[in-house]
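**Student:** Submitted below is the structure of interest, expressed as structure tokens.
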């Protein structure tokens with residue numbers, strides 16, 4: 001790295017560490033080094049992109065975040081002290097405030113539901129847990145801050161935004177979560193599908209390892225709603241419908257926290273047999289978890305053909321005559337019992353199946369698969385993305401007929417499924433669709 005960049009990074013680190021003094025001592029000791037490391041990662045990314053001026057521009061939002069978050073932390077610390085002395089809340093006052101919603105933090109699966117929550121009029125802050133944990137690495141044994149850096153890099157590498165921006169979002173999210181004690185109640189709003197259940201168990205694992213003091217923790221998690229024949233998710237509900245779920249929330253106990261933590265640790269284990277062992281347990285305390293994790297196991301390469309369930313569904317949909325990206329996305333959703341994958345993730349699958357030594361998909365015009373951009377004139381996906389058409393290659397047709405293997409056709413695999421890293425000339429683990437179990441491939445261990 002050039003000498004000038006070393007100087008500006010060293011100066012930024014020195015100033016940032018000095019500014020952390022505005023936080024309460026306990027918070028600074030617990031999170032200071034991790035916050036500094038994340039900030040330095042952002043500085044390096046900013047310098048690489050725009051040089052010294054990129055680092056200077058990064059400082060403005062950083063200073064704003066430092067001030068606002070420090071104030072919130074001091075309030076949180078004050079509330080904890082007052083609660084300990086039983087000055088602020090007596091039993092009757094707490095019950096009344098809880099009935100009206102009180103000082104709450106709502107954690108949900110993304111911005112769409114978060115915006116509808118704002119429209120409900122329910123008091124409290126809203127935290128969107130933006131991460132498609134069913135894709136990319138979630139290695140075992142990491143703190144939330146360490147996991148966030150790995151996830152930010154994966155999402156940036158997957159065309160989800162510049163690393164600096166993605167990492168800053170994770171940092172803001174994790175800081176807001178760490179301030180949960182400023183709230184009397186934390187309410188988790190989630191659905192039954194794989195996307196949501198993975199977010200839920202990650203959050204439950206985090207809370208299982210933190211002293212919640214007198215902050216109540218509750219859950220709203222549904223798979224049906226009156227008047228909606230086929231509920232895909234909370235995003236289908238309007239503000240009135242979503243708000244009506246508030247009174248149905250149930251308190252979370254140590255049983256759910258322990259189960260969620262065990263599930264997350266099994267999901268992040270490098271040995272997928274840990275997850276199968278977990279699924280033999282009683283998981284009824286989190287009633288949608290077992291089906292969701294079984295769906296995750298179906299994402300392992302199939303014993304017959306080497307395709308995940310999603311990849312096979314894509315090929316089947318294209319073979320049926322559906323060729324444009326948005327139509328492919330909708331058709332694959334319809335093949336799922338509990339649709340969980342967003343369109344951004346599906347574009348990654350379409351791109352992967354269209355590349356490699358022997359692709360299973362190709363564009364009709366011979367071009368490379370184009371990821372979407374937003375047309376500034378319309379606010380919608382650009383025409384080049386919308387109008388491209390995909391068809392099966394000869395190898396793709398062979399795969400559907402059971403005559404080709406995706407991994408062997410492309411001389412290997414390099415893919416994370418939770419904490420399991422499949423890499424090499426063959427996958428060490430494959431999913432036996434007939435027996436519905438994982439099988440270790442001989443000679444790959």
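**Student:** Look through segment 373-388, keep the residues that are surrounded by fewer than 18 Cβ atoms within 10 Å (Cβ to Cβ) and in contact with a helix residue (DSSP H, G or I) (Cβ under 9 Å, 6 or more places away or on another chain), and return whichever of them is farthest from residue 320 (Cα to Cα).
**Tutor:** Filtering segment 373-388 for residues that are surrounded by fewer than 18 Cβ atoms within 10 Å (Cβ to Cβ) and in contact with a helix residue (DSSP H, G or I) (Cβ under 9 Å, 6 or more places away or on another chain), the one farthest from residue 320 (Cα to Cα) comes out as 375.
**Student:** Looking at residue 416 and the list (1) touching a strand residue (DSSP E or B) at 6+ places or on another chain (Cβ under 6 Å); (2) in a loop (DSSP other than H, G, I, E, B); (3) in contact (Cβ under 8 Å) with a residue 60 or more places away in the chain, which single condition is not satisfied?
**Tutor:** (2)
**Student:** Which of the residues spanning segment 151-197 are farther than 30 Å from residue 298 by Cβ and assigned to a loop (DSSP other than H, G, I, E, B)?
**Tutor:** 162, 179, 183, 184
**Student:** Please find, within segment 198-236, the residue that is farthest from residue 137 (Cα to Cα) out of those that are assigned to a helix (DSSP H, G or I) and touching a strand residue (DSSP E or B) at 6+ places or on another chain (Cβ under 7 Å).
**Tutor:** Filtering first and then ranking leaves 236.
**Student:** How many residues does segment 226-240 contain that are under 25 Å from residue 296 (Cα atoms) and either buried (at least 16 other Cβ atoms within 10 Å of the Cβ) or under 20 Å from the mean Cα position of the chain (by Cα) (or both)?
**Tutor:** Total satisfying the criteria: 6.
**Student:** Taking segment 376-391 as the region of interest, how many residues are assigned to a helix (DSSP H, G or I) and either in contact (Cβ under 8 Å) with a residue 60 or more places away in the chain or in contact with a strand residue (DSSP E or B) (Cβ under 7 Å, 6 or more places away or on another chain) (or both)?
**Tutor:** Adding up the residues that qualify gives 3.
**Student:** Against the condition surrounded by fewer than 23 Cβ atoms within 10 Å (Cβ to Cβ) and assigned by TED's automatic domain parsing to the domain that holds residue 129, how does residue 211 come out, does it pass?
**Tutor:** yes
Condition check ((1) in the same structural domain as residue 220 (by TED's automatic domain parsing); (2) loosely packed, with under 15 Cβ neighbours inside 10 Å; (3) free of Cβ contacts under 8 Å to residues at least 40 places away in the same chain; (4) in contact with a helix residue (DSSP H, G or I) (Cβ under 8 Å, 6 or more places away or on another chain)) across all residues:
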| site | (1), (2), (3), (4) |
| --- | --- |
| 242 | yes, no, no, yes |
| 245 | yes, no, no, no |
| 248 | yes, yes, yes, no |
| 251 | yes, yes, yes, no |
| 256 | yes, no, no, yes |
| 261 | yes, no, no, yes |
| 264 | yes, no, no, yes |
| 271 | yes, yes, no, no |
| 275 | yes, no, no, yes |
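**Student:** Within segment 253-262, can one find any residue that is farther than 27 Å from residue 390 by Cβ, touching a strand residue (DSSP E or B) at 6+ places or on another chain (Cβ under 6 Å) and at pLDDT 95 or above?
**Tutor:** No - not one qualifying residue is present in segment 253-262.
**Student:** Hey, any hits in segment 5-26 for a residue that's surrounded by fewer than 15 Cβ atoms within 10 Å (Cβ to Cβ) and at pLDDT below 75?
**Tutor:** Checked against the condition, which is being surrounded by fewer than 15 Cβ atoms within 10 Å (Cβ to Cβ) and at pLDDT below 75, segment 5-26 yields at least one hit.
**Student:** Taking segment 404-422, which residues are closer than 15 Å to residue 271 by Cβ and surrounded by fewer than 20 Cβ atoms within 10 Å (Cβ to Cβ)?
**Tutor:** Result: 416, 421.
**Student:** Also, quick follow-up: Which of the helices (runs of 4 or more DSSP H) found entirely inside segment 283-355 contain at least 3 residues meeting this: more than 20 Å from residue 272 (Cβ to Cβ), out of contact with any strand residue (DSSP E or B) (no Cβ under 6 Å at 6 or more places or on another chain) and touching a residue at least 40 places away in the same chain (Cβ under 8 Å)?
**Tutor:** The helices (runs of 4 or more DSSP H) meeting that bar are 309-319, 325-334, 343-353.
**Student:** Wholly within segment 237-280, which helices (runs of 4 or more DSSP H) include no fewer than the required count, namely at least 2 residues that are closer than 24 Å to residue 213 by Cβ?
**Tutor:** Once the helices (runs of 4 or more DSSP H) in segment 237-280 are filtered for at least 2 residues that are closer than 24 Å to residue 213 by Cβ, what remains is 254-268.
The values are calculated or read from the model by the stated rules, or taken from the named source; none is laboratory data. The structure presented is a predicted model; accordingly, all values stated were derived computationally and were not measured. Virtual Cβ from ideal backbone geometry, glycine too; neighbours counted across all protein chains shown.
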